[in-house]
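The values are calculated or read from the model by the stated rules, or taken from the named source; none is laboratory data. What you are looking at is a predicted structure, and each value in this text was computed from that prediction instead of being measured. Note that each Cβ is placed from the backbone with ideal geometry, even for glycine, and that neighbours are counted across all protein chains shown. Heads up: the accessible areas ignore ligands, DNA and RNA and are worked out on the full protein's heavy atoms, side chains in. Shrake-Rupley method; radii C 1.70, N 1.55, O 1.52, S 1.80 Å.
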Amino acid sequence: MRALRIHGYGGPEAMRLEEVPAPGAGPAQVLLKVRAASVNPIDWKMRRGMLASIFALSFPRTLGRDCSGEASGALIAGVADPRTDGTHAEYAVLPQAATAPVPPGLDAATAASLCIAGLSAWIPLAEVAQVQPGMRVLIHGGAGGVGSLAIQIARELGATVFTTSTQADYCQQLGAERVIDYRIENFADAGPFDVVLDTLGGETHVRSLQVLKPGGVLVALSAAPIPPHAVPNGVRVEKPHVQATRERLGRIFDWAVTGRLRPQVTQRFALENAHEAYAAAEAPHGRGKIVLEIS
């Protein structure tokens, strides 16, 4: 089979499309003939070695974290174990508990696009922050793969949604009440907020702590390194473990099928054009989700 692999940490030049033996499934695993896989920030961060302290890789390693594919004639989607080979290949092995059936009404590319990105939006907002009607929620990077779903989820949960982005029209179409152009505006001027979803890290994380209401929560995903800082009294910071389960994936897929969540696949690439897909994923000012269509 063909697989996108790296033999060491590095930039795009480290990626090679190689012919390798197909994997076999072990206990509590499922082997998928991959139809589509998304390209997530975690993929190029792992390739660069930026997450080596969390997910130390052995080499060679097949890239990719989520996918949809066929097993026993059924379309299934889910997330690979980050400690094993990934999903940017013609076949992939996933933990059975981290997969869910793809319901009628979702195609392979759409289902793949909702796994890592959907979980990264759902878990922080619906489970950790427990967003309720009337809350004011700030989402950083609203046009990106996670942000474009997070805006919709927070809005559907009843919140008034603010987001930082340079793509105002797009974010407003997704449900943002106000889009803050971080190049010329200070998001603090729009506060205070009950919840902040930090997809960026760095100085943005530190500044976001200052815009929370008493009792507010900043939910942070793995992103840029955060400078030393103190957390103000009366607010909390949560760094959730984004873990795929059948129930969570099923809930996200159901929201998509029923129209509560609109998938945002904006670019599609063949596996042989994976370098272009990664370049698009690493470029600034991205919009929506990038998907590799594999078979």
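Points worth noting:
- For Val265, nonlocal amide neighbours, meaning residues 5 or more places apart or on other chains whose placed amide H falls under 5 Å from its own, are Lys289.
- Calculated Rg and Dmax of the range 1-138 using C-alpha coordinates, Å: 16.0, 53
- Relative contact order (%) - the range 1-123, alpha-carbon pairs under 8 angstrom, separation at least six: 29
- Helix content alone sets the calculated 222 nm mean residue ellipticity of the chain: runs of n ≥ 4 DSSP H residues at -39500 (n - 2.57) each, divided across all residues, give -6500 deg cm²/dmol.
- When all protein chains stay in place and ligands, DNA and RNA are ignored, the 1.4 Å accessible-area order of Leu75, Leu51, largest first, is Leu75, Leu51.
- Aspartates and glutamates whose Cα lies under 14 Å from that of Lys33, excluding same-chain neighbours fewer than 8 positions away: Asp66, Glu70, Glu90, Glu293
- From phi via Karplus (6.51, -1.76, 1.60), per-residue ³J(HN,Hα) for the range 256-262 in Hz, x at Gly/Pro: 5, 5, 8, x, 6, 9, 9
- J(HN,Hα) series, the range 225-242, from Karplus relation 6.51 cos²θ - 1.76 cosθ + 1.60, nearest Hz, glycine and proline x: x, 9, x, x, 6, 10, 8, x, 4, x, 10, 9, 10, 10, 10, x, 7, 7
- Loop trypsin sites (Lys or Arg not before Pro), the range 251-284 (other Cβ atoms within 10 Å of the site Cβ: 15 or fewer; DSSP): Arg260
- Computed extension gain for Leu51 through Arg246, at 0.36 nm per residue and net of the alpha carbon distance, reaches 67.6 nm.
- The range 29-158, accessible surface, carbon-and-sulfur percent (1.4 angstrom probe): 52
- Over the range 87-209 - Rg/Rh using Cα atoms and the Kirkwood inverse-distance radius: 1.02
- Amide H contacts under 5 Å for Gly86, placed H, 5+ residues apart: Thr62, Leu63
- Using the Cβ-Cβ distance between Gln210 and Thr258 with R0 set to 41 Å, the FRET efficiency from 1/(1 + (r/R0)^6) comes to roughly 0.60.
- Between the amide H of Val102 and those of Leu75, Ile76, Ala77, distances stay under 5 Å, these residues lying 5 or more places away or on another chain, with hydrogens modeled in the peptide plane.
- Where the range 1-132 is the region considered: accessible area per residue in Å², 1.4 Å probe: 38
- Qualifying trypsin sites (Lys or Arg not before Pro) in the range 120-213, where qualification requires a DSSP coil assignment and no more than 10 other C-beta atoms within 10 Å, comprise Arg183.
- FRET efficiency, Glu70 to Leu17 (Cβ-Cβ, R0 22 Å, nearest 0.05): 0.55
- Here Thr245 sits with roughly 40 square angstrom of accessible surface, probe radius 1.4 Å.
- Rel. contact order, % - alpha carbon contacts under 8 angstrom, at least six apart, the chain: 20
- Under 23 Å of direct C-alpha separation, and excluding same-chain neighbours fewer than eight residues apart, Lys213 reaches these lysines: Lys239.
- When the solvent-accessible area of the range 179-233 is split by element, carbon and sulfur atoms take up 53 percent of it, the probe being 1.4 Å.
- Phi-derived couplings, Karplus 6.51 cos²θ - 1.76 cosθ + 1.60 at θ = phi - 60°, listed residue by residue for the range 124-135: x, 8, 7, 9, 7, 7, 6, 4, 10, x, x, 6 Hz, with x used for Gly and Pro.
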